[in-house]
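Chemist: Following this message is one structure expressed as structure tokens.
The values are calculated or read from the model by the stated rules, or taken from the named source; none is laboratory data. The shown structure was predicted, so the numbers you read here are calculated from the model rather than taken from an experiment. Neighbour counts run over all protein chains shown; Cβ positions are idealised from the backbone, glycine included.
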């Protein structure tokens, strides 16, 4: 039977839902039972909309929001926001029922698109973004190709986001183990 | 979690603060505000109105499609302010780097790797000299007003960029932004140019040679008067008036008067005054200082001959007018050292090339005269071995008394490291450059305050040779041969600058610093090398020794980078006897790649090969055949050019290496000066004279063991070595050994980023051709600007054309970054922007594709943009 606190709530009759918020599947043998929570029925009925579509919708919405935040804050020189975005995703992922196969692509796309959008905007406005990308690559000591400049820049954003995600996961994992 | 937290902390810290030389990449690569914002500066310039707070009146700036600027203002103040604004708009990164170089602030930007450069520059004293020059410049003088206005213009642009955030990428990546510009910084850049053209280490080199080869052999092979045939532009007769006095502390760079600061202490025992050969201590000091300097970036001190300039008049020129051509040979970089512009104001109307960071046109013309310049190459730096005592720290002995050295303290900021303190010691002669073995100070004419800008402003307003000469009387350094032509059909040359003279001692060696060997004065201006309307109607300077052997003053030795005269010989050979020359004639000469030395030596080589005992190998026969059919042109498709050039290097090595080895010449101290692979000018001249028969062959052909060799024997041996070298390096038949496979030109980016330069690209020419390619087989030194000005004999307006290998915008993303290279490479010239009196078709920026900026006085709008 599902968590009594979820009675009447959306998705509360989802097959295999756990109090810990995991998205389906058998309970992890290492997941501790919390006081007041019922164990998860291994094969309960699903009466809500298809799980995959809802999750993708949320996923996409979160990613788009992240892209917007990263892109806008980049204009103000807040270069560390990709890291924060990854950290937030890492911290919130367990509650949202997101797994690594959802969070990793999310933060990587968020970061790359978040920094890619201002570059694209420059190009659309007629600035020589490609030539500037080549300059950035050359000044960074890399082969002077536009794609390398762009990729290097987006990698910095993605690296921040990935590390932030790792930290978020680690914090949540550490707090749950106490 | 600990690992994740640690990695996060390290990553964020590195991205925020950088690590060592790695800049803070987080902010630098931020897509919205980092280096990417430099894209705005890479956009093609468009016509627009801009607010420039410092202006008094509106100024018009027009650009040709190629980016050549014409600035028109109603006051001199506004024309120089606008020039500063335009320079900063397109070359702010270059200007900032140059002033950092002169001020000893490179390590602040680039890290510990540049610390030795900063320490050298702070010791040498470009900043102290610039500060003194500014202190001595009356604010109300034309130069003072120009410097102040110019600095204001630069700062107005910096303010606009700061408001927009569109910094050049180099600033954004490094996260170090330019400080406000001051007149001192313009003078520092003047000092950097002076150092690059005028500071040499010749006495230190002679000390090394004398210590190893011995005095007799050194002076025989590195004589004061070169051994080969020269072409001085001032052959005499010469005057010999008394020297112009120069204060003993003129070049000390001390913040205050050295004399007043001296302590009146009791004289100690007088040291010996008899001059002797360099001691071991002096040799140690010389070697240490040479080694330090040799590790500095190439081009910082003067090592290469630079530039061509010539003029013709009367029947030599079509229409009996006058014509002038100039091509200064300098490091060819991107961006270029030059920014082409025309400046027009009621009191100032000139067109030519400017130096970003400095107001004024350095090479160019006005409505009445044209001028260009070449480096004189005279010895302007003397080194003094100061007499010191362990019992008298911070003191030196001079003119009968012990004196205190003055001290100036600096703190050098180092990116990624702790600040480094530096104390510079000054004597009456100048800054102490080393104390290894012997305390050695340098007395360099570039440290004597020089009113160069005032001289240039006077030149820009001159309308005849008398005014031209008078304006240059205040020019002290770097010594330059100023070539002249005017609308009335006159031509001339005056070598302006300080030629230091000593009453006692050999100035090409380190001298005792006790006083007897001090600089006694300088050559009086009236007696400096000069010529006016020569009877042959042509005059040319290509850095050759400007005067003949009978000139009564000391100008330097054969080792002072006077050109070996091959270019001058070729230029005079072309010009003399011609009549009715046109601009095309001068352009053909500027593009000449005929190797004058090859014309002298190759016949001797062929004769030696034909007479050599023993057969030649098949490749040697083929190479010989190439030479026999060769026209001495160093073209990219010529295999004979490769054979010749490689042979000459092996010939020098074959002749002198046995002596270098036997004498243990310390080439490692300064390879550029001491190594045979750098083909020292003196030795090239010696070998030319010995081979051509001008003088009897030297004992150099005889080996140290005493075994006799003749010039033909050594040539035969060197030829075989050269063919073997080329076969190994290039393979295939000798006919495939084309010069373009060996020789290239490369124009590096000033940022040091290899991908932002041009080339390397197979190139014609060599170090001795008129179209010079200097600095080795991958040449980065050569004609940095080519200009031809023609004054028609009818008194009409001059026609002016020029081109340089680069572009007006330092932003590599800009279409004006390297757009002029193709024209330069192909030998095409562009019309120079006209002066106010110029006629149509002179590139005033009013034709199709012209872009106009209207600069108006007033505060910056909230959202200023140049896009």
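Chemist: Considering (1) over 30 Å from residue B:810 (Cβ atoms); (2) at pLDDT below 90; (3) buried (at least 20 other Cβ atoms within 10 Å of the Cβ), say which one residue A:110 fails and leave the rest.
Modeler: Checking residue A:110 against (1) over 30 Å from residue B:810 (Cβ atoms); (2) at pLDDT below 90; (3) buried (at least 20 other Cβ atoms within 10 Å of the Cβ), the one that fails is (2).
Chemist: Same structure, new question: Please determine whether any residue of segment B:503-521 is touching a residue at least 24 places away in the same chain (Cβ under 8 Å), within 29 Å of residue B:312 (Cβ to Cβ) and under 23 Å from the mean Cα position of the chain (by Cα).
Modeler: no
Chemist: In segment B:583-625, what residues are farther than 24 Å from residue B:730 by Cβ, in a helix (DSSP H, G or I), within 34 Å of the chain's Cα centre (by Cα) and touching a residue at least 12 places away in the same chain (Cβ under 8 Å)?
Modeler: Scanning segment B:583-625 gives B:583, B:586, B:587, B:589, B:590, B:596, B:599, B:600.
Chemist: Now, a different point. Name, by its number, the condition in (1) surrounded by fewer than 18 Cβ atoms within 10 Å (Cβ to Cβ); (2) closer than 23 Å to residue B:614 by Cβ that does not hold for residue B:718.
Modeler: Tallying (1) surrounded by fewer than 18 Cβ atoms within 10 Å (Cβ to Cβ); (2) closer than 23 Å to residue B:614 by Cβ, residue B:718 fails exactly one: (1).
Chemist: Would you confirm, using the coordinates I've provided, whether residue B:427 is surrounded by fewer than 24 Cβ atoms within 10 Å (Cβ to Cβ), over 22 Å from the mean Cα position of the chain (by Cα) and within 25 Å of residue B:208 (Cα to Cα)?
Modeler: Judged against the criteria, residue B:427 is not a match.
Chemist: Taking the criterion of being more than 24 Å from the chain's Cα centre (by Cα), touching a residue at least 12 places away in the same chain (Cβ under 8 Å) and part of a helix (DSSP H, G or I), would at least one residue in segment B:184-202 satisfy it?
Modeler: Looking through segment B:184-202, none of the residues is more than 24 Å from the chain's Cα centre (by Cα), touching a residue at least 12 places away in the same chain (Cβ under 8 Å) and part of a helix (DSSP H, G or I).
Listed here are the residues, each with its yes/no results for (1) at pLDDT 95 or above; (2) closer than 29 Å to residue B:157 by Cβ; (3) part of a loop (DSSP other than H, G, I, E, B).
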| residue | (1), (2), (3) |
| --- | --- |
| B:305 | no, no, yes |
| B:319 | no, no, no |
| B:326 | yes, no, no |
| B:337 | yes, yes, yes |
| B:340 | yes, yes, no |
| B:372 | yes, no, no |
| B:382 | yes, no, no |
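Chemist: Assuming residue B:623 fulfils every condition listed in (1) surrounded by fewer than 20 Cβ atoms within 10 Å (Cβ to Cβ); (2) over 30 Å from residue B:209 (Cα atoms) apart from one, which condition is it?
Modeler: For residue B:623, the exception is condition (1).
Chemist: Additional query: Which of the helices (runs of 4 or more DSSP H) found entirely inside segment B:1-111 contain at least 3 residues meeting this: touching a helix residue (DSSP H, G or I) at 6+ places or on another chain (Cβ under 6 Å)?
Modeler: Of the helices (runs of 4 or more DSSP H) lying wholly inside segment B:1-111, those with at least 3 residues that are touching a helix residue (DSSP H, G or I) at 6+ places or on another chain (Cβ under 6 Å) span B:2-17, B:25-29, B:76-103.
Chemist: Can you tell which of B:353, B:420, B:414 is within 29 Å of the chain's Cα centre (by Cα) and modelled with pLDDT of 95 or more?
Modeler: None of the other options fit; the residue is B:353.
Chemist: Quick test of your reading of the structure: residue B:41 fulfils all but one of (1) more than 16 Å from residue A:77 (Cβ to Cβ); (2) facing chain A (nearest Cβ under 8 Å). Name the failing condition by number.
Modeler: (2)
Chemist: Scan segment A:132-155 and tell me whether some residue there is touching a residue at least 40 places away in the same chain (Cβ under 8 Å) and within 11 Å of chain B (Cβ to nearest Cβ).
Modeler: yes
Chemist: In this structure, is residue B:846 modelled with pLDDT of 50 or more, within 35 Å of the chain's Cα centre (by Cα), under 30 Å from residue B:487 (Cβ atoms) and assigned to a loop (DSSP other than H, G, I, E, B)?
Modeler: yes
Chemist: As an exercise: evaluate residue B:85 against (1) within 14 Å of chain A (Cβ to nearest Cβ); (2) under 30 Å from residue B:348 (Cβ atoms); (3) crowded, with 23+ Cβ neighbours inside 10 Å and give the number of the one condition it does not meet.
Modeler: So the condition that residue B:85 fails would be (1).
Chemist: Determine whether segment B:28-35 contains at least one residue that is surrounded by fewer than 23 Cβ atoms within 10 Å (Cβ to Cβ) and more than 20 Å from residue B:178 (Cα to Cα).
Modeler: No, segment B:28-35 has no match at all.
Chemist: Of the conditions (1) more than 8 Å from chain B (Cβ to nearest Cβ); (2) surrounded by fewer than 21 Cβ atoms within 10 Å (Cβ to Cβ); (3) under 30 Å from residue B:168 (Cα atoms), residue A:97 satisfies every one except a single condition; which number is it?
Modeler: (3)
Chemist: Just checking: which of the strands (runs of 3 or more DSSP E) contained wholly in segment B:431-512 hold 2 or more residues that are crowded, with 21+ Cβ neighbours inside 10 Å?
Modeler: The qualifying strands (runs of 3 or more DSSP E) are B:432-434, B:440-444, B:480-486, B:491-496.
Residues are listed down the side, and each one gets a yes or a no for (1) within 14 Å of chain A (Cβ to nearest Cβ); (2) under 26 Å from the mean Cα position of the chain (by Cα):
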{"position": "B:109", "(1), (2)": "yes, yes"}
{"position": "B:120", "(1), (2)": "no, yes"}
{"position": "B:125", "(1), (2)": "no, yes"}
{"position": "B:129", "(1), (2)": "no, yes"}
{"position": "B:132", "(1), (2)": "no, yes"}
{"position": "B:139", "(1), (2)": "no, no"}
{"position": "B:153", "(1), (2)": "no, no"}
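Chemist: Within segment B:278-303, restricting attention to residues that are surrounded by fewer than 24 Cβ atoms within 10 Å (Cβ to Cβ) and in contact with a strand residue (DSSP E or B) (Cβ under 6 Å, 6 or more places away or on another chain), which residue is nearest to residue B:512 (Cα to Cα)?
Modeler: B:288
Chemist: What single numbered condition from (1) touching a residue at least 60 places away in the same chain (Cβ under 8 Å); (2) out of contact with any strand residue (DSSP E or B) (no Cβ under 7 Å at 6 or more places or on another chain) fails to hold for residue B:753?
Modeler: Status for residue B:753: all satisfied but (1).
Chemist: Sort out which residues of segment B:742-762 are away from chain A (no Cβ under 14 Å), in contact with a helix residue (DSSP H, G or I) (Cβ under 9 Å, 6 or more places away or on another chain) and more than 24 Å from residue B:541 (Cβ to Cβ), and write them in order of number.
Modeler: Listed by number, the residues that qualify are B:742, B:743, B:747, B:761, B:762.
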